Amino acid sequence: MRSRCVSRAGVCLLLAMLFSSVLAVAVDGRDFAGYYNVGDAADQGNQVQLTLRVRVFNYSGQDLRQALVVLHQPASTGIYAVSKPIKLLPALKDGKVSEQVTVPKHVYEQWQKGNAPELSIVYVDGHGTRWEKSIQVAPRPVSYF
């Protein structure tokens with residue numbers, strides 16, 4: 001009888017540890033995801049000027065104020081554009097950003113082939129700590145925005 005109690009306690013402890021580790025990954029995992037659309041493209045030689053629309057969902061668990069969406073150069077520390085601040089992006093809600101940007105033609109062509117833009121969100125939390133986290137995005141038609 002005693003071995004059953006010990007094994008049940010061990011199984012319960014193991015399940016509790018497993019469950020807590022899954023929750024920890026979810027909190028620090030994909031905090032921001034969304035959709036994007038590229039439109040109004042105008043060829044300017046080696047560059048393309050376009051409208052980038054982003055709908056970002058906040059799964060971080062905290063309300064964000066004055067968050068910025070940043071468009072990064074692929075595989076680089078460079079930045080193509082920074083959005084106007086999103087006044088309030090509540091937890092478990094979404095916010096929309098639409099900006100005129102200029103990118104190299106080869107980058108635009110990659111987006112047309114299905115490669116997503118490299119986006120991040122920059123914000124300061126309630127403790128004054130600055131964060132920059134990536135936004136995983138997928139394409140959507142303009143009617144979604």
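Values quoted throughout were computed directly from the atomic coordinates according to the rules given, and no laboratory measurement underlies them. Remember, it's a predicted structure, so these values are computed and weren't measured experimentally. Heads up, the Cβs are rebuilt from the backbone with ideal geometry, glycines too, and the neighbour counts pull from every protein chain shown.
Table for the structure above
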| quantity | calculated |
| --- | --- |
| Amide H within-cut-off set for TYR80, under 5 Å, with H built and near neighbours excluded | LEU71, HIS72, GLN73 |
| Packing rank of 66-78, 45-57, 128-140, where each peptide gets the mean count of other beta carbons within 10 Å, highest leading | 45-57, 66-78, 128-140 |
| Estimated vicinal HN-Hα couplings, Hz - the range 78-91 in sequence order (Karplus 6.51, -1.76, 1.60; Gly, Pro = x) | x, 10, 8, 7, 10, 6, 5, x, 8, 3, 9, 10, x, 4 |
| Alpha carbon convex hull of the range 68-124, projected area averaged over orientations, nm² | 4.8 |
| Additional length obtainable on full extension of the chain from LEU92 to GLU109, 0.36 nm per residue less Cα span | 2.9 nm |
| Estimated translational D of the range 31-144 in µm²/s (Stokes, Kirkwood radius over Cα pairs; 10 °C; 1.306 mPa s) | 110 |
| Charge dipole (debye, nearest 20) of the range 62-145; +1 at Cβ of Lys and Arg, -1 at Cβ of Asp and Glu | 160 |
| Exposure proxy order (Cβ contacts within 10 Å, fewest to most) of SER60, SER120 | SER120, SER60 |
